[in-house]
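Asker: Starting off with a structure, shown below.
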Amino acid sequence: MAKRKSDRGLAEPAAGNGILSRRTLFEGAIAATASSMTAAGAAAELLPVQAYMQSPGAGFATYGQPSRFEDKVLRVIPPPPAPGLLGIGTARTPLHLLDGMITPSGLHFERSHSGIPDIDPDQHRLVIHGLVRQPLMFTLDALHRYPMQSRIAFIECAGNSGALNAPQPQPLGIAALHGLLSCSEWTGVRLATLLEEAGVDPAARWLIAEGADGASMSRSIPLAKAMDDALVCLYQNGERVRPSNGYPVRLLLPGFEGNTNVKWLRRIKVVATPTMSKDETSKYTILLKDEKAWQFVFPMEVKSLITRPAPGIALTSRGFYEISGLAWSGNGSIRQVDVSADGGQSWAPAVLQEPILPKAPVRFRAPWQWNGGPAVLQSRATDSTGMVQPTRAAFAAERGLRGIYHYNAIASWRIDEKGEATNVYA
Amino acid sequence: MSTHKRLGLIAVWFALLPSLTQAQQFGQPISPADVAPWDISIGPDGATLPPGHGTAAQGEAVYAAKCAACHGEKGTGGPADVLAGGRGSLTTGKTPSKTVGSYWPYATTLFDYVRRAMPFTAPKSMTDDEVYAVSAYILNLNGIVGIDDVLDAQSLPRVSMPNRNGFVRFPRDPG
């Protein structure tokens, strides 16, 4: 106890350029920096009795909305390739304006290949066929009869952060760069339950999952994954899955690249070999340094991102800031996140916020004393398999920078003297 | 009751459990014939290719009318992907142009994809003959089939794609 007291106000450094010991977050050592925030002035001016305290507020709404003051918390939608081509692109999560691990359903990222179909759940059918004893058809009512499971899981588009393959850093915000990552609590029926009911033939090794969108987007998925932890999801964050995320039923393959989590799931064909669809040959394959390309790259490997500070949310005065971000791995849970304020020359461990769940993002936090000078902020995650997030140089050395997909190298924000953050390579 | 016997009974009880859980069966049996209209997946063996046929000569008109606006005359690209050319661009150090001709490992993928997803504004609107023909045209633009070569369920899976051996499995595949 005595020791704890003597630490107060000292804010012990843990790495270069102002990174403090993570104990600082628990021990209140930041009190010393708060003095500049004490403003002068008459109490009446500081704490007026507002009009909304002098009359009853608004009544009740059947479906709640965020405060009207939060109208800038929006997804970023890059322009379509041509005016007529609506529905072909993405809507990206504004990660810098959110905290915690869950993405509100209305801000979950979207990637669609032919827009969002308007599906009447009473008309929707899911079919399982192919190498099965008995092909089966499920209505939504039928799917609701099965025991369900919930799990919190991230979905990350394989193309997330792909702009950082470019030779020069991109002057973009965090949503545009990294906003194809979101997390929900998903609830549904284990795919294994439905496959067992249909009776999988011993010769089966793969299944083809297909959506009911205009593109009938389809992917081949290893049967082993389907039997392991695949979920046929009906609910997202407690309510029915949003149309842009696959209403009325989507596949969840925890940890696998976003595109395989087929939305608007209408058909599962059990097969012996992959179908080689457009989105597992032409796209979502990783062209390496030589002429070869990796195919069937499923798990999103260990990655992390500082979401605050970030472009668009400038530091206002020197002093204490919490560096906060997300870390995740498609291969397991996050074991450690380190942060650096000097471009990776020195590192200190961040606090990992509970719950730490496999294949779910972890919120990490680290205390930082900004001295008003330039800084390069980085985070580096290690997962439960021991895999460490690579530097950009190590990433490029393994596969080159022509692969587009599965970019998971350490990301950097440069903080300038004005407190503005920009994307840099460091 | 001896501990052994008791364990034995518990084991029997657990053995019964799976059959109890299997009682939750809400899937409705459906015949393969009823599934057929939905089964649009075409693998490299082409086993599920439909009847019909077409040549590049026939496909040229289909392409001009239904594809060129987005993919450019002769597949050179526009608002949507480049479909032809790019051979040799995958080599080390070059900026790759990944097209049907330079990158795609299977010709069956072209038929599968165009039939289900193109033209973008009216997917699934073309006849199977049109899909064979326009696929032949795109392959012909890439110098892979001749202008009068007939594509059908037999010949399409046999089309040899230049980048057929360009793909390798991911070395850290967990499965």
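Since every read-out is calculated from the coordinates, none of them should be taken as a lab result. In this text the structure is predicted, and so the values were computed from the model without any measurement. Positions of Cβ are generated from backbone atoms using ideal geometry, with glycine treated the same way; all protein chains shown enter the neighbour counts.
Asker: Report, in whole Å, the centroid distance computed from the Cα atoms of segment B:20-79 and segment A:361-380.
Answerer: Using only Cα atoms to place each centre, the spacing works out to 50 Å.
Asker: Which one, A:Ala366, A:Leu315, A:Ala394, projects farthest toward the positive side of the charge dipole computed for segment A:276-402 from Cβ point charges (K/R +1, D/E -1)?
Answerer: A:Leu315
Asker: How large is the charge dipole for the protein assembly as shown, taken about the Cα centre, if only the Cβ atoms of Lys, Arg (+1) and Asp, Glu (-1) carry charge, to the nearest 20 debye? Mind showing how you got there, number by number?
Answerer: On the way: 57 positive and 51 negative charges, 293 e Å.
Roughly 1400 debye, rounded to the nearest 20.
Asker: Once Lys and Arg get +1 and Asp and Glu get -1 on their Cβ, which of A:Val249, A:Thr260, A:Gln50 lies farthest toward the positive end of the dipole of the protein assembly as shown?
Answerer: Toward the positive end, the furthest listed residue is A:Gln50.
Asker: Using DSSP to define loop residues, name the trypsin sites (Lys or Arg not before Pro) in segment A:265-353 whose beta-carbon has at most 16 other beta-carbon atoms within 10 Å.
Answerer: Answer by residue number: A:Lys289, A:Lys292, A:Arg318.
Asker: Still on this structure: Using the alpha carbon gyration tensor of segment B:42-158, what are the three equivalent-ellipsoid semi-axes (square root of 5 times each eigenvalue), largest first, in whole Å?
Answerer: On the way: eigenvalues 93, 56, 34 Å².
Semi-axes, largest first: 22, 17, 13 Å.
Asker: Take chain B, connect every pair of alpha-carbon atoms lying under 10 Å apart with a spring to form a Gaussian network, then pick out the residue of B:Ala136, B:Ala65, B:Ala36 with the largest mean-square fluctuation.
Answerer: B:Ala36
Asker: Something else about it: Compute the signed sum of charges (Lys and Arg +1, Asp and Glu -1) over the other residues within less than 9 Å, Cβ to Cβ, of A:Leu140.
Answerer: Values: positive: A:Arg125; negative: A:Asp122, A:Asp141.
For residues surrounding A:Leu140, the net value is -1.
Asker: Only Cα pairs under 8 Å and at least 6 apart count here; give the relative contact order of segment A:287-402 as a rounded whole percent.
Answerer: Relative CO of segment A:287-402 lands at 32 percent.
Asker: Out of all DSSP beta bridges with both ends in the protein assembly as shown, state the antiparallel percent to the nearest 5.
Answerer: Working: 79 of 87 bridges.
Bridges in the protein assembly as shown are about 90 percent antiparallel.
Asker: When only DSSP loop residues count, what trypsin sites (Lys or Arg not before Pro) in segment B:106-146 have their Cβ near at most 15 other Cβ atoms within 10 Å? Write down the numbers at each step before the final one.
Answerer: Numbers: sites: B:Arg115, B:Arg116, B:Lys124; in loops: B:Lys124.
Filter output for segment B:106-146: B:Lys124.
Asker: Among A:Phe298, A:Phe256, A:Phe138, which one shows the biggest mean-square fluctuation in a GNM of chain A, springs joining Cα atoms closer than 10 Å?
Answerer: Most flexible of the set in this elastic network: A:Phe138.
Asker: Taking θ as phi - 60°, what are the ³J(HN,Hα) couplings along segment B:123-129 by the Karplus curve (6.51, -1.76, 1.60), each to the nearest whole Hz, with x for Gly and Pro?
Answerer: 3J(HN,Hα) across segment B:123-129, in whole Hz: x, 6, 9, 8, 6, 4, 4.
Asker: For segment A:379-426, rounded, prolate or oblate, judged on the Cα gyration tensor with a ≥ b ≥ c (square roots of eigenvalues), a/c < 1.5 rounded, else prolate if a/b > b/c?
Answerer: Details: a/c = 2.94, a/b = 1.56, b/c = 1.89.
The shape class here is oblate.
Asker: Going through the cross-link list A:Lys278/A:Lys303; A:Lys72/B:Lys66; A:Lys72/B:Lys94, which pairs have a Cα-Cα distance over 31 Å in this structure?
Answerer: Details: A:Lys278/A:Lys303 27 Å; A:Lys72/B:Lys66 40 Å; A:Lys72/B:Lys94 41 Å.
A:Lys72/B:Lys66; A:Lys72/B:Lys94, as the Cα separations exceed 31 Å there.
Asker: Where the convex hull is taken over the Cα atoms of segment A:333-409, what is its projected area averaged over directions, in nm²?
Answerer: Averaged projected hull area, Cα only: 6.3 nm².
Asker: Can I ask one more? When a/c reaches 1.5 or more, the comparison of a/b and b/c decides; with that in mind, is segment A:59-142 rounded, prolate or oblate per its Cα gyration tensor?
Answerer: prolate
Asker: Of all alpha-carbon pairs in chain A, indicate the percentage at a distance above 42 angstrom.
Answerer: Roughly 21 percent, once rounded to a whole number.
Asker: Semi-axes, largest first, in whole Å: what does sqrt of 5 times each Cα gyration tensor eigenvalue give for segment A:126-278? Kindly include the intermediate steps, with their values, before the conclusion.
Answerer: On the way: eigenvalues 167, 69, 32 Å².
Rounded to whole Å, the semi-axes are 29, 19, 13.
Asker: Hey, what number do you get for chain A at 222 nm if only DSSP H runs of n ≥ 4 count, each worth -39500 (n - 2.57), divided across all residues, to the nearest 500?
Answerer: Value at 222 nm, helices only: -2500 deg cm²/dmol.
Asker: Residue by residue through segment A:299-311, which ³J(HN,Hα) values in whole Hz follow from phi under the Karplus form 6.51 cos²θ - 1.76 cosθ + 1.60 (θ = phi - 60°), with glycine and proline marked x?
Answerer: Per residue, the Karplus-derived 3J(HN,Hα) values read x, 7, 6, 3, 7, 8, 7, 7, 9, 7, x, 7, x Hz.
Asker: Once you have a ≥ b ≥ c as the square roots of the Cα gyration tensor eigenvalues for segment A:258-304, tell me rounded if a/c is under 1.5, and otherwise prolate or oblate according to whether a/b is larger than b/c.
Answerer: Cα axes put segment A:258-304 in the oblate bin.
Asker: Putting +1 on Lys and Arg Cβ atoms and -1 on Asp and Glu Cβ atoms, find which of B:Pro105, B:Pro32, B:Thr48 reaches farthest to the positive end of the dipole of chain B.
Answerer: My answer, from the dipole projection, is B:Pro105.
Asker: Right, here's the next one. Using the basic label-point model (7 angstrom from Cα toward the beta carbon), what is the A:Gln168 to A:Phe69 distance in nanometres?
Answerer: 4.0
Asker: Here's another thing I want to ask about it. Not counting the cut sites, what is the longest span of chain A without GluC sites (Glu not before Pro) that DSSP labels loop and that have at most 15 other Cβ atoms within 10 Å?
Answerer: My reading of the result: A:1-416 is the longest stretch.
Asker: Considering only A:Met101, A:Met300, A:Met387, give the residue with the highest GNM mean-square fluctuation for chain A, with springs between Cα atoms whenever their separation is below 10 Å.
Answerer: A:Met387
Asker: Let me ask you something else. About the Cα centre, and with charges only on the beta carbon of Lys, Arg (+1) and Asp, Glu (-1), how big is the dipole of segment A:231-360? Nearest 20 debye, please.
Answerer: Details: 16 positive and 11 negative charges, 133 e Å.
Dipole about the Cα centre, nearest 20: 640 debye.
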